[in-house]
Structure formats: structure tokens, C-alpha cells
Amino acid sequence: MHLAPKTLRDYLVLPNLPKATPLRLSHVQLTNILTTAWRHRDVKLQAALYEHANDITTRFFGNKVYYRGLIEFSNICENKCSYCGINKDATVKTRYLMPIREVLEVANWAEANNIQNIMLQSGEVRTPARIKYLEALIRAIRQETSLTISLSVGELAEYDYQRLYDAGARRYLIRIETSNPDLYAKLHPEPMSWHKRVECLKTLQSIGYMLGTGIMVGLPGQTLEDLANDILFFNKIGANMIGMGPYIPQPNTPAAGMWKEINPMTDKKSYLRAMFELTTLMNALTRITLANANISATTALQAIEPRGREIALQRGANVVMPILTPTKYREAYQLYEGKPCITDTAAQCQGCLGKRLVSVEKQEASNEVGDPLNFYESITPLDVTTQTLF
Ligand code: 5AD
């Protein structure tokens, strides 16, 4: 009798694979898995991957989910990333920089509400005045609270990264956006360059930051081979935190035009739905190969599917980022269309997230620092690269 495959072990013809074992997979294997599970819509393989990923997440984190309170403190940007709704050329209602005092109020609120980690995010500005602002802000937060500070403020000089580390920042998130340098070049006009971005990642690591990176899924011209390479890139660079979100075409940006040209007949809604599935599959494969890194259930997933973040938490993710940005600034920080929660307050976002976690039997790891485990201990995944899968 032919039994339908149930677990990844059955599926991948790895009969002796213990539960929750991280795997080292080759580029061909990753591409094949993405092709079979996503392009050919093999829902059984999808389910087996999600289950294996969730077993690994549970092995390392139990049912605990780490929070990173997101404070989008400025939407002023010097870059012209062609997909982004706040790029230098984009028409935005107002360009703002939150006064230090206001950011501090949010930080204090976070601490009072058991959120131990905050992420300071903004558009990219490299002026000495901005570095001074950041330095003062980080020092003030460190003085008034015991929060762990992550930064997501883009490409800076090594000297400035060091200054911000010395001021007290300990984690840094900068997405590679795609591991394909040619695709990167199509989306980021000069003087931006893929190699420069990789240099930034390495510099941050050498200074001692816990390193976050990530990509967008569904970029115009991106292939499944690219996505397989993205996963290998995270492994190779040794990322401690990964954030992956679906690319959402933002009207009036050059990338949205490119997207339309490549997909002239495609209905945007069904495209995004497909990208939702592909993104969570990428989360699962990243968990299966990276084992004990932090993986974020990104807000962009929720822009497509109201339960997007909860679903991602069942498919490999273990971090969520409640938005703490004061409501009056939120509308001006729309990187993409349909960004959720723009009329909410920080308290509403925290309360809502808590309920969402319960719905998938997860729990906020309150008052925990939640450092990425692979910053301290790397796991060697089981090497199955020479095996024939399926
Ligand atoms: N769709 C989805 N994600 C986007 N980002 C920027 N623009 C978009 C978009 N249109 C992501 C980028 C960036 C992060 C802050 O937001 O990956 O690194």
C-alpha cells in the first residue's frame, strides 16, 4: 500500500532523519524544493516543510516569541531605492525627524510595557548632524532604560558604525534585498552598489554587532534560483537575524513600473497572495538551514493577509516587531501600499499582537533580551547535500 508522505523525513527520502534536525541543503536542492512546493503547488511538501521548520523553532525557542518594538523615527532619505515609498524622489505628505525627547518617551513606554528591545529605523541620512543625533539618542535611551537597541539606519562609514556601537547599540539590521548583484543594480541606481552593501554587513559584524539582514520576495525579475541563493547567502554571511517580506508594488515608484511591464496580465492581488506563500516557504527553509537564528514575521506579510504574521510564526519565524511609532507619523512612513496599523497606537499594536500570538499557541517572551542564539553558539546542520531528495 502506498502511504501518503507526512513528514519531511518521508518526503525527502531521509528515513533516519531525527525530528527537528537542521539541514544543509545545496543550491540545486533548495531550488528544487521551491519549484516543487511553490511553483507546482505541492501542498503536502509545503506542509512537511512547515512542520519541520516549526519543530526546529520549538526546539530552540519553545513557544516564545521575541518582540522588537519598531520606532520609525524619520522618513527623510538620501537613497533612491526604486521600490520604496519613501525614497528621495517619492512624494510624501511630510518628511519628519522625531525630536529626541519624543523617541525617548516611546522607549520608556516600551520598557514600562515589558518590551525589552527596540529597533530604531529611518531612511538613510549620512550627515554628521544625523550621526550626532543618533549618538545622543542611543546614549539617552541607555541612560533612561535598560533596553537593548537595534538600529536600521542604512549604509554608514565604519567610523560611524563604531561610534553608534560605542554609544550602546548592539544589533544592526540592513537587508541585502537580493543576493543577486545584477538584480540589485537594476533596483538601486548608482552610487548604491551590492558590493558596498555586503561590505557594510561585514564591517558591522567585525565591530561586534549582532547582524540582521534579509530580502524581498517577488521583486521584478527575481527567480527561484535567486531565492535559493538568498538562503545560502544568509548562511554564508552568518546572519543572526533574518527579515523577509513580500515585495509590494508601490504606485508611482520605478519598480512598480518594472513589475507591471514584466507581469502585464497579472492581477496584483493574486500575485501578492502567491508571494505570501513563497515568503513563508522561504522563512521555513531559512529556519531549516539556519537553525537557531532569529527570523522575523514581517509586517509586509500582514499587508497581504490579515493573519500573515501569525502564520509566519508557525512556519519558522520567532520574532515580531510591534510598531511603536507615534500614530501622527505613521502615514508618512508608508514604504508600501496597504501597510497595516497606520491609525493605531503603540498600546493597540501591543495588545492586538498578544491576542494574535495566543491564537497560534505562542507567547510573548516578555522581559527577555532574546539575543539571537547563533551569535553565541553555531549549530552544524546535517549535511544532506550529496543525497538525492524526493
Ligand atoms: N514592498 C515591500 N518591502 C519594502 N521595503 C521597502 N519598500 C518595500 C516594498 N515596496 C522593505 C525593504 C527595506 C525595508 C525597510 O522595507 O526591504 O529594507
### Message
Within segment 107-118, does at least one residue satisfy the condition of being of a type outside the set (D, E, K, R) and within 16 Å of the ligand (Cβ to nearest atom)?
### Response
yes
### Query
Would you call residue 183 assigned to a helix (DSSP H, G or I) and buried (at least 17 other Cβ atoms within 10 Å of the Cβ)?
yes
### Message
Test of understanding: among 254, 249, 264, which residue is at pLDDT below 95 and surrounded by fewer than 23 Cβ atoms within 10 Å (Cβ to Cβ)?
### Response
264
### Query
Do any residues in segment 311-338 that are within 15 Å of residue 349 (Cβ to Cβ) and within 14 Å of the ligand (Cβ to nearest atom) have Cβ atoms under 6 Å from those of residues that are among the acidic types (Asp, Glu) and not in a loop (DSSP other than H, G, I, E, B), where the two are at least six apart or on different chains, and which pairs are they?
325/72; 333/72
### Summary
If we ask which residues in segment 220-233 are over 17 Å from the mean Cα position of the chain (by Cα) and either in contact (Cβ under 8 Å) with a residue 60 or more places away in the chain or within 12 Å of the ligand (Cβ to nearest atom) (or both), their number turns out to be 3
### Inter-residue pairs, beta-carbon under 7 Å, first surrounded by fewer than 19 Cβ atoms within 10 Å (Cβ to Cβ) and in segment 359-381, second of a type in the set (A, V, I, L, M, F, W, C), 6+ apart
360/313; 363/65; 363/357; 371/210; 373/60; 379/291; 381/23; 381/291
### Summary
Contact list, first residue from segment 234-249 and of a type in the set (Phe, Trp, Tyr), second anywhere and in a loop (DSSP other than H, G, I, E, B) and within 12 Å of the ligand (Cβ to nearest atom), beta-carbon distance below 6 Å, six or more apart or interchain, is 247/218; 247/219
### Task
Quickly run through segment 267-294 and pick out the residues that are of a type in the set (S, T, N, Q), buried (at least 22 other Cβ atoms within 10 Å of the Cβ) and closer than 14 Å to residue 305 by Cα.
279, 280
### Task
Determine which single condition residue 83 fails, assuming it passes every other condition in (1) more than 18 Å from the chain's Cα centre (by Cα); (2) of a type in the set (Phe, Trp, Tyr); (3) over 24 Å from residue 284 (Cα atoms).
(1)
### Task
Just name the residue that is farthest from the ligand (Cβ to nearest atom) out of those in segment 236-256 that are touching a Pro at 6+ places or on another chain (Cβ under 9 Å) and part of a helix (DSSP H, G or I).
254
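Only residues that are of a type in the set (Gly, Ala, Ser) and within 27 Å of residue 290 (Cβ to Cβ): list them for segment 229-273, please. Can you show your working first?
Step one: filter segment 229-273 for residues of a type in the set (Gly, Ala, Ser), giving 238-239, 243, 245, 255-257, 270.
Selection gives 238, 239, 243, 245.
Is it the case, given these coordinates, that residue 201 is within 14 Å of the ligand (Cβ to nearest atom), assigned to a helix (DSSP H, G or I) and surrounded by 21 or more Cβ atoms within 10 Å (Cβ to Cβ)?
The answer is yes for residue 201.
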## Note on the structure
The condition of being hydroxyl-bearing (Ser, Thr, Tyr) and away from the ligand (no atom under 16 Å from the Cβ) holds, among 58, 91, only for 58
### Query
Within segment 307-328, is even one residue within 30 Å of residue 91 (Cα to Cα), buried (at least 21 other Cβ atoms within 10 Å of the Cβ), aliphatic (A, V, I, L, M) and touching a Cys at 6+ places or on another chain (Cβ under 9 Å)?
yes
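The values are calculated or read from the model by the stated rules, or taken from the named source; none is laboratory data. These numbers were taken from a predicted model, which means no experiment stands behind them. So basically every Cβ, Gly included, is an ideal-geometry build from the backbone, and we count neighbours across all protein chains shown.
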